[in-house]
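Nothing in this text is a laboratory measurement; each read-out follows from the coordinates by a stated rule. From a predicted model like this one, the values you see are computed outputs, not experimental measurements. Note that each Cβ is placed from the backbone with ideal geometry, even for glycine, and that neighbours are counted across all protein chains shown.
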Ligand code: NAD
Ligand code: AHE
Ligand code: ZN
C-alpha cells in the first residue's frame, strides 16, 4: 500500500450535531514529514463532542474527528526517520518538534511547528487535506483524525511506544488520562500534604485525583453535580465529595469553610466558566493555585475580582497536562506497563467504529468515562 491511496472506513462529521456517517474514505499517501497510521483503537473525549457541537471556532466541516487513539505506522513520507512502518504509535494533538521557539523555551509543552495547519484542518506541507470522499476533501481535526481506519499525521506529532503495550488500553494516554495527571504534576506541581479540589469527575478530573494522590495530597475533594460519580471516584483517590446542588451557599464558600480558608490547588475539569470562577475563588489566600483544564466555547469568558489575584491566588491553564508529547507519552506508557498509573479503570465501554453514534450518546450519560472503539 506504500505510496498508494488507501480506501478505508472512517466516521465523517458532515455537519455539526448531525450523526456521523461511516464512509469509504480515500487516504492519500504521506508526504514529506508525514506518517500514515493504521488506527486500531480510538476513544472518545469530551472535546470531540465539543467540536462536533459546532461551538469550536476551529471546528471545520466536513471533518474526521478523534484524538485519543493508538495504531501502527503503515508508511512514512520523505525525510521521516523517527518512526518506521510497523512501529506502534500514539498520535498526539500537541506536537513536539524540539526545534521551534516553544519547544526550545523549556517553559511550555506547546509546539509551533504545525499548529497553524492543525487549527484549520490541513497538513503543513501543501495546506491540503489527505482525506477525501469521492474527490471531495474532508478536513483533518487536531492533526490526529482518529475516527478512521487510516490517518495521516505530521511526524512531529507521532509518539513511538513499546510494542508490548496493549493498544486498546494505552490509546487513553493520547489525551484524557495524561492531561489530568500532567495538570497535577507539571502545571500545578502539587506537593506532599496539599489540599486539592477537583471540579468535574469525568476521566480528566479522575486522572487529576489519581495524580494528586500520587503526589501525596492529604485531602482530595471531588465536586460534581452528578452524585453517581462519587462511588467510582473513591478508587481514583478522591477522599471527600461535595455536590453543589446540596448546598445553598456558593460552592466556593462551601469549600473555603471545609478547608479552613481554602484549598492549595483546584482544577476545573468541566469547561464551565462559572465553575472556573468558583475554582479560583475556593483557593487559599496568599498561595492557592487554580488550573483550568476544561475547554469552554467561543464567546465564553472568565471573570473574577482582580482582588482575588492581588491577594495571592494564581490562575493557570494547561494543554495536554503540560506533557511534551513525543518524549513523555512513551514514558507514560512505560509507567502504565509497570502498573504505576491506571488506564484500564477509565474504560467503561467498548464498541466498534460502526457504533460511534451510540458511543457519543454514552458520553453524555453519567455512567460513561471512556468508551474505546475498535476501528
Ligand atoms: P466529562 O464530561 O466526562 O466530565 C465532566 C464532569 O463534569 C462530569 O462528571 C459532569 O457531571 C461534571 N459537571 C458538569 N457540570 C458541572 C458543574 N456545574 N459542577 C460540577 N460538575 C459538573 O469530560 P472529560 O472528558 O473528563 O473532559 C473534561 C473537560 O476537559 C472537557 O471540557 C474537555 O474538553 C476538557 N479537556 C481538556 C484538555 C486539555 O488539554 N486542556 C484535555 C482533555 C479534555
Ligand atoms: N479549538 C478549541 C481549543 C480547544 C483546546 O483548548 N484544546 C486543548 C486540548 S483539548 C483535548 O481534549 C489544547 O490542547 N489546546 C491547546 C492548543 O494548542 O490547541 C477552541 O475552543 O478554540
Ligand atoms: Zn481530549
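Once Rh is set to the Kirkwood radius over Cα pairs, what Stokes-Einstein translational diffusion coefficient, in µm²/s, holds for the stretch 131-220 at a temperature of 20 °C and a viscosity of 1.002 mPa s? Answer, rounded: 138 µm²/s. Modelled this way, with points 7 Å down the Cα-to-C-beta line, the labels at residue 108 and residue 335 are 2.3 nm from one another.
Averaging the sequence gap over all C-alpha pairs within less than 8 Å and six or more residues apart, then dividing by the number of residues, gives the stretch 158-236 a relative contact order of 30 percent.
Could you work out how far helix 325-337 tilts from the main Cα principal axis of the chain, as a 0 to 90 degree angle to the nearest 10? Helix 325-337 sits roughly 70 degrees off the main axis of the chain.
Between residue 350 and residue 189, the modelled labels are 4.1 nm apart [label points 7 Å from Cα along Cα→Cβ]. Shape summary of the stretch 310-375, radius of gyration then Dmax from alpha carbon positions: 16.7, 53 Å. Computed from the Cα positions only, the extents of the stretch 239-285 along the three principal axes stand at 27, 23, 20 Å, in decreasing order.
Determine the distance separating the Cα centre of the stretch 181-249 from the Cα centre of the stretch 90-132; give it in Å without decimals. Centre-to-centre distance over Cα atoms comes out at 31 Å. Stokes-Einstein at 20 °C, 1.002 mPa s, Kirkwood radius from Cα pairs: D for the stretch 170-268 in µm² s⁻¹? The estimated diffusion coefficient comes to 161 µm²/s.
Report P(r) for the chain: all Cα-Cα distances, bin width 10 Å, range 0 to the bin holding the largest distance, values in whole percent. So the P(r) values, bin by bin, are 5, 25, 33, 23, 10, 2, 0. When the alpha carbon coordinates of the stretch 1-63 are projected onto the principal axes, the ranges are 37, 24, 21 Å, largest first. With the convex hull drawn over the C-alpha atoms of the stretch 30-185, the volume per residue is 119 Å³. Within the stretch 27-78, the proportion of Cα pairs with more than 18 Å between them is 48 percent. Relative to the dominant Cα principal axis of the chain, helix 203-214 is inclined by about 60°.
Across the stretch 104-174, the mean sequence separation of Cα contacts (distance under 8 Å, 6 or more residues apart), normalised by length, yields a relative contact order of 21 percent.
Most simply put, the chain has about 55% antiparallel DSSP beta bridges, counting only bridges with both residues inside it.
Rounded if a/c is under 1.5, else prolate if a/b beats b/c, else oblate: with a ≥ b ≥ c from the C-alpha gyration tensor eigenvalues square-rooted, which is the stretch 238-339? The shape class here is prolate. Rg/Rh, computed from the Cα trace of the stretch 38-106 with Rh as the Kirkwood radius, has the value 1.03.
Taking 0.36 nm per residue of separation and subtracting the current Cα-Cα distance, fully stretching the chain between residue 120 and residue 134 would add 2.9 nm.
Relative contact order of the chain, taken over Cα pairs closer than 8 Å and 6 or more residues apart, is 18 percent.
Legend: calculated FRET efficiency, residue 245 to residue 311, from the Cβ-Cβ distance at R0 = 35 Å, rounded to 0.05, equals 0.75.
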